[in-house]
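Read through the structure below, which is laid out as structure tokens, and then see the notes.
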Amino acid sequence: MSLIERRQFLTGLGAAMLVPGLARADTHFAPSAATLARTAAPSRDATPLQMVDADGTPRSLSDYAGQIVVLNLWGPWCVPCRREMPSLARLATALDGKGVTVLPLAFDWRGASGVRRFYRETEIAHLPILIGDGDNLNATLGIENLPTTVILDRAGQTLALIEGEAHWDDEPTQEWLLSL
């Protein structure tokens with residue numbers, strides 16, 4: 001094998017080794033949500049936000065009164081949203097029963113079928129399927145970009161915003177959420 005052929009072979013081998021890691025990309029390279037959070041000022045009442053579950057049944061944030069809510073606004077077509085979702089699923093599992101609820105609210109023209117497919121592909125089993133309306137989102141919270149996560153207090157008022165992709169299941173983020 002000539003030097004050029006050997007170089008091409010090693011370059012191809014290196015690229016082939018990277019591809020599986022990229023296919024399983026998670027949020028390990030995204031900043032911790034705890035470091036990205038900024039105070040939501042002024043605070044807004046998020047309870048008028050309209051959403052439906054996988055069956056089309058209307059749901060309300062007031063159903064979660066008394067809990068801290070991690071309301072992740074995302075779309076199955078949004079690459080950064082897709083990358084952070086597995087860490088949100090792990091966060092939901094880690095904080096289950098501790099007064100913090102993770103609610104991913106999807107915005108997708110396909111409705112629940114697009115979310116269901118994404119959950120199946122990524123083996124997410126413990127997050128609810130909730131579908132929102134973009135116009136209602138903008139009118140209620142003034143948010144236009146995805147992913148954005150809104151942390152709600154126990155009365156449904158906005159406490160903090162995290163704009164962009166974040167790592168959710170790290171220890172600092174869990175401690176921060178439990179301290180609210």
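The values are calculated or read from the model by the stated rules, or taken from the named source; none is laboratory data. The model shown is predicted, which means the values in this text are computed figures rather than measured ones. Because the Cβ atoms are built from the backbone with ideal geometry, glycine has one as well, and the counts that use them run over all protein chains shown.
Determine whether P76 is assigned to a loop (DSSP other than H, G, I, E, B) and over 21 Å from E175 (Cβ atoms). Yes; evaluated as a whole, the condition is true for this residue. Taken over segment 77-112, residues that are modelled with pLDDT under 95 and not hydrophobic (A, V, I, L, M, F, W, C) amount to 3.
Exactly one residue out of A112, A106 is hydrophobic (A, V, I, L, M, F, W, C), in contact with a strand residue (DSSP E or B) (Cβ under 9 Å, 6 or more places away or on another chain), surrounded by 22 or more Cβ atoms within 10 Å (Cβ to Cβ) and more than 20 Å from S32 (Cα to Cα): that is A106. Exactly one residue among D153, D169 is modelled with pLDDT of 95 or more, farther than 17 Å from L91 by Cα and charged (D, E, K, R), and that residue is D153.
The set of residues from segment 65-81 being more than 16 Å from V102 (Cβ to Cβ) and not hydrophobic (A, V, I, L, M, F, W, C) comprises G75, P76, P80.
Between S62, S87, S43, the distinction of being over 12 Å from L103 (Cβ atoms) and in contact with a Leu (Cβ under 8 Å, 6 or more places away or on another chain) belongs to S43 only.
Looking at L130, L152, L137, which is the one that is under 23 Å from A37 (Cβ atoms), buried (at least 18 other Cβ atoms within 10 Å of the Cβ) and touching a Pro at 6+ places or on another chain (Cβ under 7 Å)? Sole residue among the options that is under 23 Å from A37 (Cβ atoms), buried (at least 18 other Cβ atoms within 10 Å of the Cβ) and touching a Pro at 6+ places or on another chain (Cβ under 7 Å): L130. Yes or no: V102 in a strand (DSSP E or B) and over 18 Å from L152 (Cα atoms)? Criteria not met by V102.
Note on segment 111-180: enclosed helices (runs of 4 or more DSSP H) holding 1 or more residues that are closer than 17 Å to L61 by Cα are 134-141.
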